[in-house]
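*Asks:* Please see the structure below; I have some questions.
The values are calculated or read from the model by the stated rules, or taken from the named source; none is laboratory data. No experiment lies behind these values; they were computed from the predicted model shown. So basically every Cβ, Gly included, is an ideal-geometry build from the backbone, and we count neighbours across all protein chains shown.
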Amino acid sequence: MRRTDITSNIYIALGSNRGNKIEYLHKAVKELLDDANCRVESASSIYETKPYGIKEQENFYNAVIKISTSYKLTELFYSLKEIEKKIGRSGGIKWGPREIDLDLLFFGDTVYSDDRISVPHKEITKRDFVLVPLCEIAPNLIHPVLNKKISDICIEENEKTIIRKIEEKIL
């Protein structure tokens with residue numbers, strides 16, 4: 001049943017470094033496009049990036065999308081985990097290789113944390129592979145905890161992982 005309460009300004013990071021990375025990103029976006037409770041509004045470019053955390057693995061392809069949804073925050077989180085499973089994400093270790101990774105970055109202005117979910121995502125400010133594509137589609141987005149625009153969040157002290165922008169689009 002389609003709900004009518006819509007939350008906007010929801011941002012999701014996508015990443016893949018196993019198999020056909022572009023195809024996995026496309027499949028994730030298609031799943032959200034096909035979900036009656038979600039509307040994909042925009043997408044960043046795709047970036048090839050060095051691995052974060054565990055270095056001895058393939059490079060990643062990363063992007064960020066903006067959606068609106070009638071799901072509540074926890075419903076969207078678990079829906080994203082189901083999409084990962086449906087697409088073929090196999091188990092693994094933290095920061096290890098994966099077919100697809102969908103991280104909920106922001107859910108409007110909501111600040112929320114429990115044992116599985118933290119919104120805004122705790123690692124945003126440490127990851128250029130999230131900040132750069134996020135800034136591409138939402139430079140004026142205000143981080144509700146830091147009270148700073150995304151374009152003003154500095155990552156100079158952190159490791160740079162972006163290698164290049166990929167020509168293919170996901171939307």
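*Asks:* Taking the stretch 86-98 only, how many residues are within 16 Å of the chain's Cα centre (by Cα) and either among the hydrophobic types (A, V, I, L, M, F, W, C) or modelled with pLDDT of 90 or more (or both)?
*Replies:* Summing the residues that are within 16 Å of the chain's Cα centre (by Cα) and either among the hydrophobic types (A, V, I, L, M, F, W, C) or modelled with pLDDT of 90 or more (or both) in the stretch 86-98 gives 2.
*Asks:* Still on this structure: Can you pull out the residues in the stretch 97-120 that are more than 21 Å from GLU48 (Cβ to Cβ) and not β-branched (Val, Ile, Thr)?
*Replies:* Keep residues of the stretch 97-120 that are more than 21 Å from GLU48 (Cβ to Cβ), which gives 104, 106-120.
Listed by number, the residues that qualify are LEU104, PHE106, PHE107, GLY108, ASP109, TYR112, SER113, ASP114, ASP115, ARG116, SER118, PRO120.
*Asks:* Quick one: in the stretch 121-141, of everything that is touching a helix residue (DSSP H, G or I) at 6+ places or on another chain (Cβ under 8 Å) and under 22 Å from THR74 (Cα atoms), which residue is surrounded by the fewest Cβ atoms within 10 Å (Cβ to Cβ)?
*Replies:* By that ranking, first place goes to GLU123.
*Asks:* Does the stretch 130-141 contain at least one residue that is polar (S, T, N, Q), over 13 Å from ALA13 (Cβ atoms) and in a strand (DSSP E or B)?
*Replies:* no
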